[in-house]
Amino acid sequence: MVESWIILQPIAILFAGAILTPLIDPLGRAIKFEKIRDAFAIIIFILSLYSLLGIYEEVQKQGKLTYFLSPYSPQMGGVSFFVDQFSVFMAFLFCFLGLFVSIYSIRYMENDTGLDKYYSLLMSLVAGLVGISFAGDLFNLFIFWEAMSLSSYALVAFRKYRWEPIEASFKYLVMSTIGSLTALYAMSILYGLTGTLNISQLATIIPTLKVPLQTLYLIIVAIIAGFGVTASIVPFHFWLPDAHPAAPSGISAMLSGVVIKAGVYAIARILFTIFNPIAFDFGAILMLFGIITLSVANVMALLQRDIKRLLAFSSIVNIGYIIFGFGVGAYAINVYGMEGYSIAVLAIMGAIFHIFNHAIGKGLLFLGAGCFIHEAGTRDLLDLEGAGKKMPWTGTSFSLGLLALAGVPPLSGFWSKLFIILAGFTKLDNTFMVVTTSLVVLNAIFAAAYYLWLMQRLMLRSPKPKVEKVHEVPISMVLPVVLLGLITLVIGLWPFNIMSFAEVATKSLLGLIGG
């Protein structure tokens, strides 16, 4: 067993940044340079990404890293950290988007007060997310989960002088708390049955338990439902469409780009590691949840006039694709045994690749929407018609994000959707896989239609009165949007490096490498 304290570096850097920011802020006021807190936040995110590079190199060499907080030992089920390729993939995504949001916030948030608290909460949010991806036991995962949740509640309600953020944050708090308690209940049952919360030990003990199968499926359902609230799986999604319009646009990008992915990560890590899909048929459950999520959110997205609400429902749609991809992988292993692993690798690689594509694409769309709202002062799509013509850099980049998530080749979203669909159609004699995958295809076409409709309203129609006098946003706002747009294009044209990373992360999750 390889032990390494470097696992703690990015988490320590981010939490240290969160603690020091309120101390940096008075210094900025004293030297008449208040933007020092903004620069400090950017530096912290760069340092966290740099520390992740060292972890990535070690994982490449050793397959995985583990670390137990002294004096607790693995035999005592102590607090542990575990990092493999899937963990590193997710952590890079969390810190990367956090960096872009911190740059965007320099001008977007400049008229708000309490920005030292804003950046502290943003850093503690990302620290919690990285902690979730590095947790080696369920207790540790839950602690970081609560750190992430508390930060996100406060960030949604950051503009507390308005009623909308307070209401949305309270709704998020109530629903997320119920979800967390549901997941905690599942963890308590596992501890009662096994005497440990260490994920690796649970994977070894669960197959030997002499308990009714219904008890273990109860745990599986509780895990999906509990973490499914934050993942915004239908019918646990109601908080998200309210939280997005109420939160600052940078926080909307974080919620959709990475926070909801933490829910997906927790579900995938726990189910695939602890409950071997050969023995447990949770794949069919995930596939059905994916189809329901896709279908309901697509219909709701079509009914929206608020641009951020539409994008919120679009995020739920994309969670449907991701959950369905993980479901196809688990289902194929359960039905076809060792033969199913080739299908599983393709499906889960597509799902993990889509986690990346949606994080970049939806981060781009929410930051772009924030640029439109910043200039026009409205979220109403009828009033925003033609805004892209007046703001060409934002509009063009926003269009790239829409086309990428619509799955238009050669942009990045095309590839991840293609892998999930190809995996679903691999066994044409399997009626369940064929029918459910066909429904995914129909939903993908439906979603592409309203993405193109949104692009047409913003880019091709004549500017409405509210956008007649708008102009391009400041460089610190438009730069992250343009760079994210370029990433979707470059990854679409040359997807092989990210595909390779996603494939290795998939094999690591399935225990095919790094053991």
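Just so you know, all these numbers are worked out from the coordinates, no wet-lab data involved. Since this is a predicted model, take the numbers as computed values, not measurements. Heads up, the Cβs are rebuilt from the backbone with ideal geometry, glycines too, and the neighbour counts pull from every protein chain shown.
Applying the Karplus parametrisation 6.51 cos²θ - 1.76 cosθ + 1.60 with θ = phi - 60° to the phi angles of segment 351-356, what ³J(HN,Hα) value in whole Hz is obtained for each residue in order, glycine and proline being reported as x?
Taking θ as phi minus 60°, the curve returns 5, 5, 4, 6, 4, 5 Hz for segment 351-356.
Around ASP112, which amide H atoms from residues at least 5 apart in sequence, or from another chain, sit under 5 Å from its own amide H, with H modelled in the peptide plane?
Placed amide hydrogens put nothing under 5 Å from ASP112.
Hey, what number do you get for the chain at 222 nm if only DSSP H runs of n ≥ 4 count, each worth -39500 (n - 2.57), divided across all residues, to the nearest 500?
The per-residue figure over the chain is -25500 deg cm²/dmol.
Would you mind pulling out the separation of the Cα centroids of segment 135-171 and segment 338-378, in Å?
22
Sequence neighbours fewer than 8 away in the same chain don't count; with that in mind, list the lysines whose C-alpha is under 21 Å from LYS261.
Qualifying lysines at Cα under 21 Å: LYS171, LYS308, LYS362, LYS417, LYS507.
If you wrap a convex hull around the Cα atoms of segment 167-249, how much volume per residue is inside, in Å³?
So the per-residue hull volume is 102 Å³.
What whole-number volume per residue, in cubic angstrom, does the convex hull of the C-alpha atoms of the chain give?
Looking at the chain, the number lands at 131 Å³ per residue.
Of the trypsin sites (Lys or Arg not before Pro) in segment 203-302, which ones lie in a loop per DSSP and count no more than 13 other C-beta atoms within 10 Å?
Qualifying residues, ordered by number: LYS210.
Sort the following peptides by mean Cβ neighbour count (other Cβ atoms within 10 Å, averaged over residues), highest first: 130-141, 367-378, 500-511.
Result, highest mean first: 130-141, 367-378, 500-511.
Net charge around GLU472, counting only other residues with Cβ within less than 13 Å of its Cβ (Lys, Arg = +1; Asp, Glu = -1)?
+3
Mind listing the phi-derived Karplus ³J(HN,Hα) values for segment 437-442, rounded to whole Hz, using 6.51, -1.76 and 1.60 with θ = phi - 60°, and x for any glycine or proline?
5, 4, 5, 4, 4, 4
Per-residue HN-Hα couplings for segment 362-367, Karplus 6.51 cos²θ - 1.76 cosθ + 1.60 at θ = phi - 60°, whole Hz, x for Gly and Pro?
Taking θ as phi minus 60°, the curve returns 6, x, 4, 5, 6, 5 Hz for segment 362-367.
Setting aside same-chain residues fewer than 8 positions from LYS35, which lysines have a Cα under 23 Å from its Cα?
LYS117, LYS160
Under 5 Å between amide hydrogens, which residues at least 5 positions from ASP137 or on another chain qualify, with H placed 1.01 Å from N in the peptide plane?
Distant-sequence amide H within range of ASP137: SER80, ILE199.
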